[in-house]
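The block underneath contains the structure these notes are about, expressed in structure tokens.
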Amino acid sequence: VESRFSEPHRPQFHFTPEANWMNDPNGMFHLNGEYHLFYQYYPDSTVWGPMHWGHAVSEDLVRWKHLPVALAPDSLGYIFSGSAVVDHRNSSGFSQDSTPPIVAAFTHHDPVGEQAGTDDFQVQSLAYSVDKGYTWTKYDGNPVLPNDTGIRDFRDPKIIWNPQTEQWIMTLAVYDRVKFYGSPDLKNWQYLSEFGIEGDTRLWECPDLFPMRVSDSRDYKWVLIVSIQQEGPNGGTGTSYFVGDFDGTNFLADPGQQQWLDYGADNYAFVTWDNAPATWGRRLGIGWMSNWQYAQQVPTATWRSAMTVPRVLELQGEAGAYHLIAKPVPSLAGLRGEATPLDSVITQSKIVNGNFDPSMADLDLVVDLQETTASVFGITLSNAQGEQVEIAIDRINGLMRVDRTQSGPKGFSEDFFKRPHDAPLNTSRATLDLRLLFDVASVEIFGNRGALNFTDIYFPSSPYSQMEIWARDGELHLSEGMVYAMNSIWE
Ligand code: FRU
């Protein structure tokens, strides 16, 4: 493990680059107990620039080892987002022995072509590794998928193996829709079909298509994750998904709505791991914990941005009404330290005292909604400067509100502080379970067994030092309530 990072706002149990700019997670795969993570990286500045793939590896998805940059810009351009697959059968022929090659697909983005106004400055290329993902060689036949669509936005290839048709499938974001391509060998790609929403003009990015078992059943459905560049649930960028069927050529969405994977402002470009040892039907993913509205302005000095905690996805529901649920990876609980129980009845307000740092805590609550009479209840973190982030559950109106409008010094962005963030939350059940992860500069909330996901970041001028639990107009009853201290991964 590395030396402790103690700069202001540095998360203590989330993945961050050692220094400089990071955006989307890229190319994640698992092999022999190692989880690889790549990411959009600009090693020369704390703002976006010529994109590289940064690289890190972990055995437990909690502690990460930073590795050298995996892919750097070349004569074809910057290295934009993409994916990687373990090519078990060596269909690509990149391996000369029995070790399966890892094949990465990414977008080559040519800034000169973009400037010149050409419409084919984004093309898809490959790189491969024959040492289990540690070092990478770009394919000399790049690009493998030129852009003949006439549409300028043509990027973020996500590849899966489709066992039904025995074919590699590439899902690509093409402006306001996705396009699917098929290949036997990862080098030769054939157009299959496209999927979009009639009349949509928003920019789609970072798609991810995969099959999933529906929990507690033998049925399976296909999930298509798509990040959307504007009009996220609380402004700016956000990650959405569709549930439907894929017949090897066409994706057909179930009737109904595009759904949000996360209602907070800060979970973008969420995509999943290839080849992860998922138990029955589950799938592992991670998102970039920021928002393009202010990502380049947030007040960190030496690096910019963090990833969400890795999350386990599950598909629940029944025909016509499937939804994804997401929970933090179980291994995260290994960082828990001393446990402080919460009072089971809270009236008005109570400061939570115990052997934990309020800025870095893992809370597990079950609210007894039948006994609770408070109309609104919640948790507030604050510091001596009077800065605070407030999480409120409005029991009557069935919503959750995260208010970071007073969370710290303003001025770096207007959008960041504009208004509290809301999410619909089912409060008509007998109980409401809530898991909250606070880590210096972020809160991730998982409600109703992972059905509600909510991620927001904040930047107080000194770490929050007080935790308060409160109830308005009545009592809050907890049937379970524990605050766990969280240990840093840097010690
Ligand atoms: C999403 C995105 C991708 C692109 C990358 C560039 O955040 O815009 O579409 O590949 O970032 O860094």
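Every number here is computed from the coordinates shown, using simple stated rules; none is lab data. Just so it is clear, the structure is predicted and the values come from calculations on it, not from any experiment. Neighbour counts run over all protein chains shown; Cβ positions are idealised from the backbone, glycine included.
Please count, across the chain, the pairs of lysine residues with Cα atoms under 29 Å apart that sit 8 or more places apart or on different chains.
Number of lysine pairs found: 23.
Which of Pro330, Val309, Gly398 sits closest to the plus end of the dipole of segment 296-398, meaning its Cα is farthest towards the positive end, when Lys and Arg get +1 and Asp and Glu get -1 on the C-beta?
Farthest towards the positive end: Val309.
How much length is gained on full extension from Ser461 to Asp200, taking 0.36 nm per residue of separation minus their Cα-Cα distance?
Using 0.36 nm per residue and subtracting the Cα-Cα distance, I get 89.9 nm.
List the GluC sites (Glu not before Pro) in segment 307-413 that DSSP assigns to loop (not H, G, I, E or B) and whose Cβ has at most 16 other Cβ atoms within 10 Å. Which are they?
Here the GluC sites (Glu not before Pro) that fit, given the DSSP loop and packing criteria, are Glu371.
Report the local net charge at Phe438: Lys and Arg +1, Asp and Glu -1, summed over other residues whose C-beta lies under 10 Å from its C-beta.
That works out to -4.
Quick one: compute the contact order of segment 50-157, relative version, from alpha carbon pairs under 8 angstrom and 6+ residues apart, as a percent.
Relative CO of segment 50-157 lands at 23 percent.
Specify which residue in the list Tyr42, Leu437, Gly113 is farthest towards the positive end of the charge dipole of the chain, using unit charges on the beta carbon of Lys, Arg (+1) and Asp, Glu (-1), about the Cα centre.
Leu437
What's the magnitude of the charge dipole for segment 42-138 around its Cα centre, counting Lys and Arg as +1 and Asp and Glu as -1 at the beta-carbon? Answer in Debye, nearest 20.
340 debye
How large is the dipole of segment 68-200 about the Cα centre if only Lys and Arg carry +1 and Asp and Glu carry -1, each at its Cβ, rounded to the nearest 20 debye?
360 debye
Considering only the other residues whose Cβ falls under 9 Å of the Cβ of Leu365, what net charge follows from Lys and Arg at +1 and Asp and Glu at -1?
Residues near Leu365 contribute -2 overall.
Show me the chymotrypsin sites (Phe, Trp or Tyr not before Pro) within segment 111-172 that DSSP assigns to loop and that have at most 15 other Cβ atoms within 10 Å of their Cβ.
Passing both the DSSP loop test and the Cβ count: Tyr134.
Once R0 is set to 35 Å, what does the formula 1/(1 + (r/R0)^6) return for the Cβ-Cβ distance between Arg218 and Glu338, expressed as a FRET efficiency to the nearest 0.05?
The computed FRET efficiency comes out at 0.25.
In what order do Phe13, Phe416 fall by count of nearby beta-carbon atoms within 10 Å, going from fewest to most?
Phe13, Phe416
Once R0 is set to 45 Å, what does the formula 1/(1 + (r/R0)^6) return for the Cβ-Cβ distance between Leu252 and Ser479, expressed as a FRET efficiency to the nearest 0.05?
0.60
At a Förster radius of 51 Å, what calculated FRET efficiency corresponds to the Cβ-Cβ distance of Ser75 and Glu371, to the nearest 0.05?
0.15
Output the Cα-based Rg and Dmax of segment 256-320 in Å, rounding Rg to one decimal and Dmax to a whole number.
14.9, 49
Positive end of the dipole of segment 197-282, charges at C-beta (+1 Lys, Arg; -1 Asp, Glu), about the Cα centre: which of Gly244, Ser217, Asn234 has its Cα farthest in that direction?
Value computed over the given set: Ser217.
Principal axis lengths of segment 207-323 from Cα atoms, whole Å, largest first?
For segment 207-323, the Cα extents along the three principal axes come out at 50, 31, 25 Å.
With no solvent and one point on each alpha carbon, what is the Debye value of log10 I(q)/I(0) for the chain at q = 0.06, 0.07 Å⁻¹?
For the chain, the Cα-only Debye profile gives -0.26, -0.36.
Net charge near Val174: determine it from the other residues with C-beta under 9 Å of the C-beta of Val174, scoring Lys and Arg +1 and Asp and Glu -1.
0
In debye, nearest 20, what is the charge dipole magnitude of the chain about its Cα centre with +1 on Lys and Arg Cβ and -1 on Asp and Glu Cβ, if you could check?
About 280 debye.
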